[in-house]
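Inspection log for the structure reproduced underneath, given as structure tokens.
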Amino acid sequence: MSAETHYDVIIAGAGIVGASVAWHLAASGARVAVIDAIGPAAAASGASDGAVSVASKKPGPLARLASASLLYTRELASQGVLAGAFHARPSFVFGQGEAELAALDALVAKLRAISGPVHVTGDGPAAQLACLGPGVERLITLNGEGHMPGHKAVRAYLSAPGITPIWPAPIHGFDIDDRGVTVHLADRRLRTGHLVSALGTATTELFPTLPIMPRAGQLFVTDRGAPGLLPGSLTAAAYLVAKTEAPDVLPLPPVVIDPLTTGQFLIGSSRENHADPNRVDFSTLRRLMERSVRALPLLAERRVIRAFAGIRAAVSDSLPIIGNLPGETRVTLATGFEGDGICLSALVGREIARMVHGLPPTDSIAADLATLSPARFVDARQEAWG
Amino acid sequence: MSDPVLVVGAGLAGLSAAAELARAGLPVLVVDQAQAVGGAFHRQPLQGALSLATAAQDRRWSDLMAKVAAQGSRITLALATQFGGVDHKGTALLTGRMNRLFRPRAIVLALGARESVRPRPGWTLPGVETAGSLQIRLKTLGEAPQGRVLLAGSGPLLLAVGAQLTKLGSPPVAILEAGRPFARPLTPIGLPRDYWIEAAAYLSRLMLARVPILTNTRLTAIRAEGGTLVAEASSGRRFIVDHVALHDGIRPNDFGMPACDVLPVVRLGDCREALGARAAMVDGQMGGAALAARLLGRTAPSADPELARQTRAQARLARIYAHDVTAELNNLPEDTVICRCEARTLKDLRTLGPTPTARQLRLDGRFAMGACQGRFCGDWIARLTSAETSKPGIGAPRWPARPIAVADLLSATDETEGETQ
């Protein structure tokens, strides 16, 4: 066996969460390596629409953490860390029919309760935006959210000095001893004082007992057109409901229309329980497009050039898993974001870096963060690395 | 009536397959994006236009059309109709004149070959096109474009298009052939007799019109200058022309082809392996009969030895035209456009480092992100980056199979509704 290379911290997974953790640790002077089976932003981060959205988060701890992360993301952007990756833009949530209008009421109440960085600046008929069609009965305009494509954030974070990228390199396993952790790759072993696992759906390869499952969302990309027709993402209120309830109770499909800087639109998404990024179908495409065109009629002039399924990591209780492995201070988990990783990544990176250094979490969010600890899955402690 | 077998492409392979499938008793729906049948090789001229086909070609085509006609209503033909792809449930989308979502019993992809064009400075300028698309225009319209034409690249198609331009009274300024097809006089001896007859016909027409055929000569760059195109050859010669038609060989249509687990999807003809017109007809027949046998639970027919003969002939032809493409790629200037749809250059590619992942190529580099999804540039990107970059990641499977107008998707008749999934 060749000599083992030593890093202060090894981060498994080069998605947006792993990249943020790596940046925060490197910024504090640690020597870190980021290992990925494929490469940067190769899974959910690269397939994301990039919405830094508080509105879509579950009320309670997640919405409050998202709110804090949005503020911190803006701070990182203004310091130049996320330059070119994050930009502020308005966002729009629309509804049609009783269930969705009720969901919009709940949204307004949720944002008022957080009293955070996202403000309702408009609430009324579709006329607030000239491009909207008859499928919009009520429109809420939000100010304060932003856009951060996952691959751009990953690239920005990983360009910092002190980070060694290692890919493509699947992790075959790891051992913990008194002095550190040994990470096994196909052709060599790496030593580290601390392992952070930010592996998304692949988490269960190293921690088979965690209740994480893949949840696919079909996404469709149009051709280019004049940019700026829609100033921010347009989300159906059904999407907010889909995140908290069973999707089959929804009368209308939960569509999100995201305008890209290229003048293209990214339209999603379904929620399906499988892990095949190539599994897309005409009936879903048509269902989403029917609703999208009623909301944004100019889409009828476009062509769909590409489709794929983004594979998110979902947890049985629909909350991310963030924190040290129970009883094991050398291994920290950050996974199960199910699409919320874009928004939460900045904050999670900062807090995981604190955990690695043995510091307590930031006061203002400590209680909310504690609810996401892997300790809530007691069985995971027993068999995690069996 | 049971679900039809969908045949995409009404050329030699597609119609040969359709005739065999129908002969076995299966209903067949043949669709083609063009307004007329014939595919690339037998593209039929518009009403009243001069036909470029030889007597032998006309005979072959009318024989095939008679076989198709003999099947009567078992074969339905839908022209000006595009195949949008098939999804994992087996639903296929057709757009255009026939606009429907339905579940065929099987799918035959007989889309013909992909024409390959090597990137070079100026290859995306207006006035520059592929020799294959120029040829389809010649066959359809029966007239040559206005102005001077230069043909460049490599392969026998350049001679065919040159001869056809000459026949239409507008011989090309020159043909630049990167290979040295006449330098090894013994190699062509093994070619079948009909290849010789065809080549002799093209060459004699070109020689009578004194068209220079410059072998071992590459077209290195094209510039737009004062309403004309200036083309620079590796020999140092410059040509001032109005049109440049490029061609660097043909490849099978293996890029991002749809795959589906719930029904048979087969590729036939040049779409499966680029072996030319003679082989396409045989492959269509054999493949059609084999698919019919598979669907009906019968014994598969034995292989036709003609296909092996054509495979050997094409391999020989490839040796005759062989030349070093790697050297040409290594000498490309940094600002050469590689991805036409998104206007990404060689420099943009180099910025991604020596071993970009497929995701980095797409998301960071924006390669293969446009309307063609890598169909034109995928091969070149794979060659220009490290071998570690997996080619399939660039664009396979491509879904939908082609850009789909949202309006067409919404107006399609949905024949799958109510069916169990």
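Taking B:A144, B:A245, B:A382 as the candidate residues, the one with maximal mean-square fluctuation in a Gaussian network model of chain B, Cα springs under 10 Å, is B:A382. Among A:V331, A:V255, A:V304, the largest mean-square fluctuation in a Gaussian network model of chain A (Cα springs under 10 Å) belongs to A:V304.
Extension gain for the segment B:R316 to B:V262, taken as residue separation times 0.36 nm less the Cα-Cα distance, is 15.6 nm to one decimal. Using DSSP H assignments, which helices in chain A have an axial alpha-carbon span of 18 Å or above and a mean Kyte-Doolittle hydropathy of 0.0 or higher? Sorted by number, the helices that extend far enough and score high enough are A:61-78, A:98-114, A:341-356. Distance from the C-alpha centroid of the range B:247-306 to that of the range B:336-362: 33 Å, rounded to the whole angstrom.
Taken residue by residue and averaged, Cβ atoms of other chains lying within 10 Å of the Cβ of B:367-373 number 3. When chain B is treated as a Gaussian network with alpha carbon springs shorter than 10 Å, the biggest mean-square fluctuation among B:E342, B:E273, B:E225 belongs to B:E225.
Panel order for B:T215, A:T335, B:T166, by other beta carbons found within 10 Å of each beta carbon, from fewest to most: B:T215, B:T166, A:T335. Between B:E417 and B:H323, the distance separating the two model label sites (each 7 Å from Cα on the Cα→Cβ line) works out to 5.7 nm. The calculated 222 nm mean residue ellipticity attributable to helices in chain A amounts to -8500 deg cm²/dmol, summing -39500 (n - 2.57) over DSSP H runs of n ≥ 4 and dividing by all residues. Taking the range B:99-129 and a reference point 7 angstrom along Cα→Cβ of B:D254, the backbone N atoms nearer than 15 Å belong to B:113-116. Among B:R312, A:R330, the ranking by other beta carbons within 10 Å of each residue's beta carbon, starting with the fewest, stands as B:R312, A:R330. Could you run the Debye sum over the Cα atoms of chain B, one equal point scatterer each and no solvent, and tell me log10 of I(q)/I(0) at q = 0.12, 0.14 Å⁻¹, two decimals? Taking Cα atoms of chain B as identical point scatterers yields -1.08, -1.41. Could you pull out every one of the lysines with an alpha carbon less than 20 Å from that of A:K58, ignoring same-chain neighbours closer than 8 positions? Once the sequence-local lysines are set aside, what remains near A:K58 is A:K110, A:K243.
The order of B:W196, B:W399, going from fewest to most other C-beta atoms within 10 Å of their C-beta, is B:W196, B:W399. Reachable aspartates and glutamates from B:K67, Cα under 13 Å, same-chain residues fewer than 8 places away excluded? Cα-Cα hits under 13 Å: B:E20.
Under 26 Å of direct C-alpha separation, and excluding same-chain neighbours fewer than eight residues apart, B:K167 reaches these lysines: B:K139. Each of the peptides B:175-186, B:55-66 was scored by the mean count of other Cβ atoms within 10 Å over its residues; in descending order, highest first, they stand as B:175-186, B:55-66.
Summing Lys and Arg as +1 and Asp and Glu as -1 over all other residues whose Cβ lies under 14 Å from the Cβ of B:A209 gives a net charge of +4. Measuring max minus min along each principal axis, the C-alpha atoms of the range A:45-129 give extents of 43, 29, 26 Å (largest first). With a ≥ b ≥ c the root eigenvalues of the C-alpha gyration tensor of the range A:305-386, is it rounded (a/c under 1.5), prolate (a/b larger than b/c) or oblate? Cα axes put the range A:305-386 in the oblate bin. May I ask for the net charge around A:W23, where only other residues with Cβ less than 12 Å from the Cβ of A:W23 are counted and Lys, Arg are +1 while Asp, Glu are -1? Net charge in that neighbourhood comes out at +2. Would you calculate the convex hull of the Cα atoms in the range B:116-249 and tell me its volume per residue in Å³? Measuring per residue, one finds 107 Å³ for the Cα hull of the range B:116-249. Applying 1/(1 + (r/R0)^6) with R0 = 56 Å to the Cβ-Cβ distance of B:N216 and B:Q35 gives a FRET efficiency near 0.90.
A prolate overall shape is assigned to chain A, the ratio a/c of its alpha-carbon gyration tensor axes (a ≥ b ≥ c) being 1.5 or greater and a/b exceeding b/c.
The C-alpha radius of gyration of the protein assembly as shown, expressed as a fraction of 2.2 N^0.38 Å, stands at 1.06. For the range B:258-354, the square roots of the Cα gyration tensor eigenvalues, ordered a ≥ b ≥ c, give a/c of at least 1.5 with a/b no greater than b/c, which places it in the oblate category.
Using a Förster radius of 60 Å, what is the FRET efficiency between B:T187 and A:L298 based on their Cβ-Cβ separation? Nearest 0.05, please. Computed FRET efficiency for B:T187 and A:L298 comes out at 0.55. Put the Cα centre of the range A:20-37 next to the Cα centre of the range A:186-210 and the gap is 15 Å.
Helix B:193-208 axis versus longest C-alpha principal axis of chain B: approximately 40°, rounded to the nearest ten. Figure legend: label point modelled 7 angstrom from the Cα of B:N330 along Cα→Cβ; residues of the range B:84-118 with amide N under 20 Å from it are B:118.
Take the convex hull of the alpha carbons in the range A:159-298; its mean projected area over all directions comes to 12.7 nm².
Take the Cβ atoms of A:R179 and B:R340, set R0 to 45 Å, and the FRET efficiency comes out at 0.20.
Values quoted throughout were computed directly from the atomic coordinates according to the rules given, and no laboratory measurement underlies them. This is a predicted model, so every value here is computed, not measured. Positions of Cβ are generated from backbone atoms using ideal geometry, with glycine treated the same way; all protein chains shown enter the neighbour counts.
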